[in-house]
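The values are calculated or read from the model by the stated rules, or taken from the named source; none is laboratory data. All figures in this text were calculated on a predicted structure; none of them were measured in a lab. No Cβ is skipped: glycine too gets one built from the backbone with ideal geometry, and neighbour counts run over all protein chains shown. Heads up: the accessible areas ignore ligands, DNA and RNA and are worked out on the full protein's heavy atoms, side chains in. Shrake-Rupley method; radii C 1.70, N 1.55, O 1.52, S 1.80 Å.
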Amino acid sequence: MEKPRNIYIETYGCQMNVADSEVVLGIMREAGYSRTEEATKADVIFVNTCAVRENAEQRVYGRLGDFRHLKRSNPAVVLGVLGCMAERLRKDLLEEETSVDLVVGPDEYRKLPALVDAAMQGEKGIAIRLSRVENYDDIEPLREDGISAWISIMRGCDKFCTFCVVPFTRGRERSRSLDNIVREVERLAQRGFKEVTLLGQNVNSYRDADHDFADLLARCAAADRSMRVRFTTSHPQDMSIKLIETIAAHENICKYIHLPVQSGSDRILELMNRTYTADEYLRLVDRIKRTIPGVSLSTDIIAGFPTESDADHRKTIELIQAVEYDGAFTFKYSPRENTKAWNMADSVPEELKIERLNEIIDVQRAISFRLNQQLIGRTVGVLVEGESKKSDQDFCGRTDTNKMVVFPRNGYQPGAYAEIWIRRANAATLFGQHEPSTAQEG
Ligand code: SAH
Ligand code: SF4
Ligand code: F3S
């Protein structure tokens, strides 16, 4: 019998999952599969899932419903659930979602080809062991040619924030080898990539023998000076002075730090096990701003953690105003089984969570708007990504501070660097052109 060959994969959750899907495709390619963008043409369908909040899981259940229908017309197709939901729900997923053939956690992807083979013979499979060493260091991820690439530099998380399921779905922290990561950057540069983003739940605790994350960042930046180097996520606790100075010292390390704070209240930060106070966080931000002029900062914030009072919420608002973030990702607290916070009553009513969340969003939007207005009349360096979403007459790209810029195509090519003069701005996007308009220049 001829071996079925097409694989379709859909990815939810964080960038680590996006990078993992490329690893999965790399493993499946070695086993003779090729990628299809159409689920209806696939012999194997994988859903790489996220479990970080209830609504993330609900979306996946919705998609599994769609694939159940698809399997009715094509019962031979193998449906696999990968990633964090697989790790969290384990055999419950196989029992409750009868159309699912495979449940495979983030550290077991090497087994996928064998598990798929078995599933094609009608044998359901589950592989959910977490590993202390697996980091897929030797796997070449399958990446389409492009401008920007993700590089996973470490896996897992040891921080155990009390709200967070990640340490349970991803297991213990472990880093890839520095030399292999640098070689990967070099290969990507040779293929024409112009930007890499180094990924980990907490990149600041990266370690390979005597080398820390600052060393890795410096080596990646030196590998190709025409390549931009980004990284995410940084935990405030491990953000060293050496790291801040390394970012400042290299032109091609982007001046953008995603530094999740979660709350501005010391009482809530303590309950969350975040290991810093609001004051310590603000001092760190101050140090970053002084060392890296023009740096842009973003954050994650959770509204409505158990016992959060109006006074706690006000402190979060005050911290946002004190830092002046360029952007923020904001979430309603969502209780997750097995976490420490699961045992605390989910005491903030839904309406109040929404009200607080909306206030945070409004305050942040006003700050983003104000900071972006300050760029009007200035020229910014942009890495051209491609057509803008709204018009094929325009290109879009990002500044090294991670701001989206839209501008006329004007003969640029994706992957080129452009100097763009900013004409107007809203809270999310800068709009510019090639030359300053003389009328406004004054
Ligand atoms: N490792 C990263 C973030 C991982 S999850 C870090 O530490 O910053 C991304 C964000 O989701 C978190 O920063 C947090 O703001 C949010 N989050 C995680 N668990 C959550 C939960 N149970 N409810 C609501 N938001 C949550
Ligand atoms: Fe979750 Fe905290 Fe680890 Fe981030 S640092 S992944 S929020 S436990
Ligand atoms: Fe989600 Fe897992 Fe990432 S829970 S946020 S996909 S690490």
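Descriptive notes on the structure:
- Inverting the pair-averaged 1/r between distinct Cα atoms of region 260-316 gives 12.0 Å as its Kirkwood hydrodynamic radius.
- Within straight-line reach of residue 91, meaning a Cα separation under 27 Å, sit the following lysines at least 8 residues removed in sequence or on another chain: 71, 111, 124, 159, 340.
- Subtracting the Cα-Cα distance of residue 338 and residue 250 from 0.36 nm times their residue separation leaves 27.5 nm of extension gain.
- For the chain, the fraction of 1.4 Å probe accessible surface lying on carbon and sulfur atoms is 48 percent.
- Mean-square fluctuations from a GNM of the chain, with a 10 angstrom spring cutoff on Cα atoms, peak among 249, 86, 189 at 249.
- For region 1-45, the set of GluC sites (Glu not before Pro) satisfying both a DSSP loop assignment and a count of at most 14 other C-beta atoms within 10 Å is given as 2, 37, 38.
- Share, in percent, of DSSP beta bridges within region 148-373 that are antiparallel, nearest 5: 15
- Spatial separation of Cα centroids for region 342-366 and region 79-142, in angstrom: 35
- Taking Cβ atoms as reference points and 11 Å as the exclusive limit, the residues near residue 49 contribute a net charge of -1, counting Lys and Arg as +1 and Asp and Glu as -1.
- Within straight-line reach of residue 289, meaning a Cα separation under 20 Å, sit the following lysines at least 8 residues removed in sequence or on another chain: 242, 255, 403.
- Adding -39500 (n - 2.57) for every DSSP H run of four residues or longer, then dividing by how many residues the chain holds, sets the calculated 222 nm ellipticity at -11000 deg cm²/dmol.
- By DSSP, the beta bridges lying fully in the chain are antiparallel in about 35 percent of cases.
- Mean Kyte hydropathy of -0.5 or more with a Cα span along the axis of at least 27 Å, helices from DSSP in the chain: 350-373
- Whole-number accessible area per residue in Å² for region 318-442, which is evaluated in the context of all protein chains at 1.4 Å: 55
- The fraction of all Cα pairs in region 379-433 landing in successive 10 Å bins from 0 to the largest distance is 29, 64, 7, given as whole percents.
- Legend: Rg and Dmax of region 1-127, from Cα coordinates, 13.1, 43 Å.
- Using the Cβ-Cβ distance between residue 289 and residue 423 with R0 set to 22 Å, the FRET efficiency from 1/(1 + (r/R0)^6) comes to roughly 0.25.
- Calculated on alpha-carbon atoms, Rg and Dmax of region 20-87 in Å: 12.6, 36
- Based on alpha-carbon atoms, the Kirkwood radius and the radius of gyration of the chain give Rg/Rh equal to 0.97.
- Full-extension gain in nm, residue 361 to residue 309, via 0.36 nm per residue minus C-alpha separation: 16.9 nm
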